[in-house]
């Protein structure tokens, strides 16, 4: 064979690729299209309208759940990013020692633990604490979200730190910067893209969470995803599609910013 | 941001040595697998001196530099800066600055901000910093580049910025860790001259680390030749080249012929030796060295002359094996009676002709002080 092997020229390649894309995006496309349906069905098209967006916008429960989601995601993402930054510095700016890779695993373990296990464990723990303290605010959800967001924030920050030249910190120390000054003036500015990437990843992951939230939340603490889950058990109207579409746009927006930041750093 | 750096070492009684390294060892690893990077090194570096640590990679020269900078701490021994022990101080308390091998410029700062960094950390007033940065930019001819980011300038320019940044806080000693190794040949030559100029203009003691003997010989006031964690010899370029203290130094610096010989007798600082090929030679000796038995005689290729052997003149005899033309000079490879190869170097002129062809019998004429017997 004189020609170079090219996967794109294999028989059936484009067919398989088209089917895959179709299966991935058709449901989402349908969902977005029916958000603009004038009728009450999510399957029968009755003309274009923005009524479901208006309805969702005027639905106090949706507004409450959205605000709560944003509140929890912001708090959890910020706390998780701070902790992840400290963990990343502690695991990259130290001489290698036995047990270091064990620590990596511990930090990243939440990625591997089945979410339902985590949810049940947190439910049991938090219900005890609720009895002892009587506190039943959003704190539990924030703590829970922080916990599973840490590894997502940790990974981009650690990647950034590992690609950073250690000589820069040494140069700062050589030029009379105390460790704190060296961190603030040299390491932190160079670390920013990683931190922002970690923050946004954590934010999206928290915003999107259903299982753990469903288990941990008290009455009246619905986030947008758990509210939608609750609604789907009753009547399904294109209002759900409208909310989902806005949610999708928000996530896409954040991911796009994330993409541009991570591209900028290269 | 401004912190009082009053605890940076203030030097009350300057002594005539900028740096004194006293019995410094650096041993890495646990007891089972210890690696001695430096083994009890003593060296004194004078004020306003261009001092070079020269040796092959792994000889401990960079370790010694890191100990002086404070990036590492000695296992034992003292490092005195103008008479005061700095070995236990962290790097930010030592009035010593470093030019790093890969420059380590801060990529998120402009050229001017890089140069200002040390001064800002010392808490100098704004107008003083500004004036000093201007002065430094002028010193390294980088006025045009002051607001560029360090990623936007060439390697040679980065080198200049790294120098300016390290010189700006007026350190007592400037450490240079193979700073020219990333530059191409022409630029390296240029920077060698530039470094010498900066050193004499600023009057700061330079400690320069390199594995390049030519760099060391041309730039340094004095050189310390190192290998395997110890210093073999400290001296001027001429001393080290002409009077190497031992076999390692003679081998590392320049080209040298090594000949096996037996000592016949010694008197004062001279020895009479018999070469493996039978010839008797008169050779110089290092101080306090009375060799006996088997020794190595060293002779620089340019301290020997070649002549066609017609049986009339005495000298070391052999057969010419190879003639290698280098442009500036020609190397003649001579196979001696004992089997060793001896290289003779001759400076070329535009009209010099090679009268000797490979295969002819030749003799080697030596000046009276060409041969040295060295410690192994």
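The values are calculated or read from the model by the stated rules, or taken from the named source; none is laboratory data. This one's a predicted model, so the numbers in the text were calculated from it and none came from an experiment. We place every Cβ from the backbone using ideal geometry, glycine too, and count neighbours over all the protein chains shown.
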Of all helices (runs of 4 or more DSSP H) fully inside the range B:54-139, the set with 1 or more residues that are in contact (Cβ under 8 Å) with a residue 24 or more places away in the chain, surrounded by 21 or more Cβ atoms within 10 Å (Cβ to Cβ) and out of contact with any helix residue (DSSP H, G or I) (no Cβ under 7 Å at 6 or more places or on another chain) is B:61-69
Residue hits (the range B:105-120; closer than 19 Å to residue B:139 by Cβ and facing chain A (nearest Cβ under 7 Å)) are B:117, B:118
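Residues checked against (1) within 30 Å of residue A:244 (Cα to Cα); (2) in contact with a strand residue (DSSP E or B) (Cβ under 6 Å, 6 or more places away or on another chain); (3) at pLDDT 90 or above:
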| residue | (1), (2), (3) |
| --- | --- |
| A:72 | yes, no, yes |
| A:77 | yes, no, yes |
| A:83 | no, no, yes |
| A:91 | no, no, no |
| A:94 | no, no, no |
| A:99 | no, no, no |
| A:107 | no, no, no |
| A:110 | yes, no, no |
| A:117 | yes, no, yes |
Note down all Cβ pairs under 8 Å where the first residue falls in the range B:25-49 and is outside the structural domain of residue B:208 (by TED's automatic domain parsing), the second is modelled with pLDDT of 85 or more, and they're at least six residues apart or on different chains. none
Residue check, residue B:102 against (1) away from chain A (no Cβ under 12 Å); (2) at pLDDT below 90, all met but one. Which one? (1)
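Conditions tested, residue by residue: (1) in contact with a strand residue (DSSP E or B) (Cβ under 8 Å, 6 or more places away or on another chain); (2) at pLDDT 80 or above; (3) surrounded by 12 or more Cβ atoms within 10 Å (Cβ to Cβ).
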site	(1), (2), (3)
B:1	no, no, no
B:9	yes, no, yes
B:16	yes, no, no
B:46	yes, yes, yes
B:51	yes, yes, yes
Give the residues of the range A:160-191 that are more than 7 Å from chain B (Cβ to nearest Cβ) and surrounded by fewer than 16 Cβ atoms within 10 Å (Cβ to Cβ), sorted by residue number. A:162, A:163, A:166, A:179, A:180, A:184, A:188
Consider residue A:194 carefully, then state whether it is surrounded by 14 or more Cβ atoms within 10 Å (Cβ to Cβ), within 14 Å of chain B (Cβ to nearest Cβ), touching a helix residue (DSSP H, G or I) at 6+ places or on another chain (Cβ under 9 Å) and assigned to a helix (DSSP H, G or I). yes
For residue A:137, only one of the following conditions fails: (1) more than 22 Å from residue B:168 (Cβ to Cβ); (2) within 14 Å of chain B (Cβ to nearest Cβ); (3) surrounded by fewer than 18 Cβ atoms within 10 Å (Cβ to Cβ). What is its number? (2)
With the condition being assigned by TED's automatic domain parsing to the domain that holds residue B:344, I'd like the strands (runs of 3 or more DSSP E) fully within the range B:173-281 carrying at least 3 qualifying residues. B:257-267, B:270-275
Could you tell me whether any residue of the range A:205-228 is part of a helix (DSSP H, G or I), touching a helix residue (DSSP H, G or I) at 6+ places or on another chain (Cβ under 7 Å) and under 21 Å from residue A:86 (Cα atoms)? yes
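Would you be able to say whether some residue in the range B:140-156 is at the interface with chain A (Cβ under 10 Å from one of its Cβ atoms), touching a helix residue (DSSP H, G or I) at 6+ places or on another chain (Cβ under 6 Å) and either outside any loop (DSSP other than H, G, I, E, B) or crowded, with 19+ Cβ neighbours inside 10 Å (or both)? So that I can check it myself, show each step before the final result.
Initial filter on the range B:140-156 (at the interface with chain A (Cβ under 10 Å from one of its Cβ atoms)): none.
Looking for residues that are at the interface with chain A (Cβ under 10 Å from one of its Cβ atoms), touching a helix residue (DSSP H, G or I) at 6+ places or on another chain (Cβ under 6 Å) and either outside any loop (DSSP other than H, G, I, E, B) or crowded, with 19+ Cβ neighbours inside 10 Å (or both), one finds none in the range B:140-156, hence no.
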If you scan the range A:71-107, which residues turn out to be within 24 Å of residue A:165 (Cα to Cα), touching a residue at least 24 places away in the same chain (Cβ under 8 Å) and assigned to a helix (DSSP H, G or I)? A:81, A:83, A:84, A:85, A:87, A:88, A:89, A:91, A:92, A:107
What's the total number of residues in the range B:165-194 that are more than 12 Å from chain A (Cβ to nearest Cβ) and farther than 30 Å from residue B:126 by Cβ? 15
